[in-house]
Amino acid sequence: MTELIGVDWGTSNLRIMRLGADGAVLDRRVDPRGAGRLDPDEFAGVLEEVAGDWLGLAPVLIAGMAGSRQGWMEAPYAFCPSGAEGLAARLARPDAARDIRIVPGVALTPRGLGDVMRGEETQALGLFGARDSGLMVAPGTHSKWVRVDNGAIAGFRTHLTGELFAAVRQATLIGRDMGEPGGDDAAFDEGVRLALSDPAITAHLFGVRVRRLADDLSHGAAADFLSGLLIGAELAAEGAHRDHPVQVVGEAALSRRYVRALALAGFIDVGVADGETAVARGLHRIWKAMP
């Protein structure tokens, strides 16, 4: 039986799921019309077009960028520490005629916000139960490190790793003629180790150019070395968490890279979780916590 229609509305894609008991995914539909492509008055029509036949089956709960300032309706941030109950108490309702609600994002602090996220909070609450503690690493354009303590989001930090990687490859002299990453694990490992051993990341970035001039890096290896440098710098900054259990949640190939880098950095308890399962369980948990 469908208990909830769960929606993960990211910047680039839309995922709609029929959820059963405990957030189990019974069925799903995916659409490329992410929040970054839509005006506020277009969200309702897209939801109806993609899943109109589902909307009468159960309440609808939406996580992600639909709740941003440029989304369907801004859902003001909750603040750390924040558990399922705190998020459920701040749901936004963009359609008064239908049982549709949007999960707020989470900010680090009310004063100046400190850091923000939308979507990862729902994943974290689905990944960890009401009494669980642990660390979720969500690699991507803006990589998130989310700390959960006794079932609530206690803190987090964002690293611009993916966006910086893309910017260096596409818009700098260093990235000129650089190949695609993913084919040279040795070059990736070398970049990780260098970043872990020496924090001078801007000097190491120029070193990519020097190594190319010296023919020490091929086109593809240069991209892998750059990837290792940036991921290694991120892990070096989070070294205080080496003894904590870590769950990596993200796209499969990138998650594998992070698992490899985490091992090189000395993280001793690392697992990989499915992102869809995490967000589905998180949505279900928030819905169950509604007052």
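What follows draws every value from the coordinates through simple rules; no lab data is involved. Given the structure is predicted, the values throughout are model-derived calculations rather than measurements. Neighbour counts are summed over all protein chains in view; Cβ atoms, including those assigned to glycine, are modelled from backbone coordinates with ideal geometry.
So the values come out like this:
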{"item": "Space enclosed by the convex hull of the alpha-carbon atoms of the chain, per residue, Å³", "result": "134"}
{"item": "Quotient of C-alpha Rg and 2.2 N^0.38 Å, computed over region 143-220", "result": "1.37"}
{"item": "For region 177-291: relative contact order, % (alpha-carbon pairs under 8 angstrom, 6 or more apart)", "result": "28"}
{"item": "Of all DSSP beta bridges in the chain, antiparallel share, percent nearest 5", "result": "65"}
{"item": "Normalised alpha carbon radius of gyration of region 40-98 [divisor 2.2 N^0.38 Å]", "result": "1.22"}
{"item": "Under-5 Å amide H pairs with LEU4, H placed in peptide plane, nonlocal only", "result": "LEU19"}
{"item": "Residue-count net charge about ILE16 - beta-carbon cut-off 12 Å; Lys, Arg +1, Asp, Glu -1", "result": "-2"}
{"item": "Region 249-290 - convex hull of the alpha-carbon atoms, volume per residue in Å³", "result": "71"}
{"item": "Radius, Kirkwood style, for region 71-140 when every pair of distinct Cα atoms is counted (Å)", "result": "13.1"}
{"item": "With at most 15 other Cβ atoms within 10 Å, longest stretch of the chain clear of loop trypsin sites (Lys or Arg not before Pro) (DSSP)", "result": "1-68"}
{"item": "Using θ = phi - 60° and Karplus 6.51 cos²θ - 1.76 cosθ + 1.60, couplings along region 12-26 (whole Hz; Gly, Pro as x)", "result": "9, 9, 10, 10, 10, 10, 8, 10, x, 4, 6, x, 5, 7, 8"}
{"item": "Of the DSSP H helices in the chain, those whose Cα atoms cover at least 24 Å axially and whose Kyte score averages 0.5 or more", "result": "219-237"}
{"item": "Counted charge near VAL60, where neighbours are those whose Cβ lies closer than 10 Å (Asp, Glu -1; Lys, Arg +1)", "result": "0"}
